[in-house]
Amino acid sequence: MAHIMADLLEALLQIKALAQTPMRAASLLRSTDPSQWTVRRRPDEWAPVEILAHLADAELAFGLGVRLVLSSERPRLPVLEQAVLAERASYISWTPGSALERFRTRREETVELLASCSAEQLERVGLHPVRKAVSVADLVAITLAHDIDHMGQIVERLRSSCSSEPSPTGV
């Protein structure tokens, strides 16, 4: 029982951290020149707005995965081809404000659902093509790591765009 309580506490802390990511992005947006968000340092590297747009679309997949696992027995979870989606959705053309708003709205909906889950519901499992059996709690932890990684990229790229000559985005 103590193990389940510890796992539940860890998952609840991670859900709380997930809820804070859009606020961290909003703070970055308020404290930087919006033109910095479309700077690509290299042609093969996403600009900060593209990373934020990716977080917004990845949230759709995360939210869908959570909903599938909570409502089905061991469902197969989808995998998005992010590079294809980024090009198709033209992330570079998104404004930082619209990317943030999409991410914020989608994340709020998912966090609201997660906050209502019991320990047993957080242990429900879906089947991921790469990771195999993953629980709702695992999806939370994976998504939090994804957030941390990409928010770090955004911060680093915004800092470097302040100190270096921008590369053309082609837009």
Helix 48-71 axis, angle to the chain major axis (alpha carbon atoms, nearest 10°): 10
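Over the chain, what is the mean sequence separation of C-alpha contacts under 8 Å (at least six apart), divided by residue count, expressed as relative contact order in percent?
Across the chain, relative contact order equals 38 percent.
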Could you tell me how many degrees, from 0 to 90 and to the nearest 10, lie between the Cα long axis of helix 2-30 and the main elongation axis, the longest principal axis, of the Cα atoms of the chain? 20
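Sort 59-65, 40-46 for me by packing, meaning the mean count of neighbouring Cβ atoms within 10 Å per residue, highest on top.
Listed from highest to lowest mean packing, they are 59-65, 40-46.
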Tell me the angle of helix 96-115 to the major Cα principal axis of the chain, expressed in degrees between 0 and 90 and rounded to the nearest ten. 10
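Divide the volume of the convex hull of the Cα atoms of segment 85-148 by its number of residues and quote the answer in cubic angstrom per residue.
110
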Can you report the principal axis dimensions of the chain using only the alpha carbons, biggest first, rounded to whole angstrom? 56, 29, 22
Which of 117, 162 has the fewest other C-beta atoms within 10 Å, and how do the rest follow up to the most? 162, 117
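No lab work stands behind these numbers, since they all come straight from the coordinates. Source: prediction; values computed, not measured. When we count neighbours, we look across all protein chains shown, and the Cβ atoms used for this are built from the backbone with ideal geometry, even at glycine.
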